[in-house]
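Colleague: Submitted below is the structure of interest, expressed as structure tokens.
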Amino acid sequence: MKGLKRICSILTTIFISGCASQNIDDVYVENVKPSKGVVWGTMSYSGAYADYQLHFQNMDTEESTFISLNSNVNEHGVFAISLPEGAYRIVGWQVSAPYSSTYKKGKTQQRFVSSKQKLTYIGRVHFEQKAQKTGENPVIFATLAEHFKLDAALFSNSYTLFDQQDRVFKARMQYGEICAGCTERTIVTAAQSR
């Protein structure tokens, strides 16, 4: 039974990782198309889950994408994703475990702009699991905070392109809980038993 749980956990992680749209190693400003920019920040968490994701949407085209801890975040907690130029809105987050996924989705006031050949800092995304009474599911919160100096040092340690100061700027974000008024749901996948 333990072996089956471990295999299911590994397969879930591989499946979730394969869904991410872009990899941080592919994001170098020199290689980004002229109509695209790079949006970056950091991601952290407390709690034991298989994956954490931040979802956002282009406000003109309504095309959605996400940043995944498993696929877009490096060992320093830095994420960077190349996006077409335009205005974006955060539309929720997802936390996945081997047998369940918790989603929080809806339109927020947390917005940013991807600009041509620029490195746009949106902040630090932090996921936190708060324990409830025995037998109850934990409550999960996601917050966005500004830690530019700390995050810039992490980014600089990962990528030399940060030295190009004329390309780096901070988005005017609304910091605080992500998707506070959004709809939350949890999907539970039944565990196989023998």
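Colleague: Can we say Tyr88 is modelled with pLDDT of 90 or more and in contact with a Leu (Cβ under 6 Å, 6 or more places away or on another chain)?
Modeller: Judged against the criteria, Tyr88 is not a match.
Colleague: Scan the range 125-148 for residues that are at pLDDT 90 or above and in a loop (DSSP other than H, G, I, E, B) and jot them down.
Modeller: Glu146, His147
Colleague: Next question. Can you find a residue in the range 108-124 that is of a type in the set (S, T, N, Q), at negative phi, open to solvent by 30 Å² or more (accessible area, probe 1.4 Å) and not in a loop (DSSP other than H, G, I, E, B)?
Modeller: Checked the range 108-124: no residue is of a type in the set (S, T, N, Q), at negative phi, open to solvent by 30 Å² or more (accessible area, probe 1.4 Å) and not in a loop (DSSP other than H, G, I, E, B).
Colleague: Hey, another quick one. Only strands (runs of 3 or more DSSP E) wholly contained in the range 36-94 count here; list those with 3 or more residues that are open to solvent by less than 10 Å² (accessible area, probe 1.4 Å).
Modeller: 36-46, 51-58, 78-84
Colleague: Checking the conditions here, which among Phe162, Phe155 is at pLDDT below 70, touching a strand residue (DSSP E or B) at 6+ places or on another chain (Cβ under 9 Å) and in a helix (DSSP H, G or I)?
Modeller: Just a single option satisfies the conditions, and that option is Phe162.
Colleague: Restrict the check to the range 173-180 and report whether at least one residue is open to solvent by 90 Å² or more (accessible area, probe 1.4 Å), modelled with pLDDT of 85 or more and within 18 Å of the chain's Cα centre (by Cα).
Modeller: Within the range 173-180, one or more residues are open to solvent by 90 Å² or more (accessible area, probe 1.4 Å), modelled with pLDDT of 85 or more and within 18 Å of the chain's Cα centre (by Cα).
Colleague: Moving to a separate point now. Search the range 112-124 for residues being among the basic types (Lys, Arg) and modelled with pLDDT under 95, and hand back the single one that is farthest from Phe79 (Cα to Cα).
Modeller: That would be Lys116.
Colleague: Moving on to the next point. What pairs come out if I take residues in the range 107-131 that are in contact (Cβ under 8 Å) with a residue 60 or more places away in the chain and closer than 9 Å to Ile90 by Cβ and pair them with residues that are open to solvent by less than 70 Å² (accessible area, probe 1.4 Å) and among the hydroxyl-bearing types (Ser, Thr, Tyr) whose C-beta lies under 6 Å away, six or more apart or interchain?
Modeller: Going by the 6 Å Cβ cut-off, the qualifying pairs are Phe112/Tyr88.
The values are calculated or read from the model by the stated rules, or taken from the named source; none is laboratory data. None of these values were measured; they are calculated from a predicted model. Ideal geometry is used to build each Cβ from the backbone, glycine not excepted, and the neighbour counts take in all protein chains shown. Ligands, DNA and RNA are stripped out before the accessible areas are found, and what is left, the full protein with its side chains, is counted by its heavy atoms. Shrake-Rupley method; radii C 1.70, N 1.55, O 1.52, S 1.80 Å.
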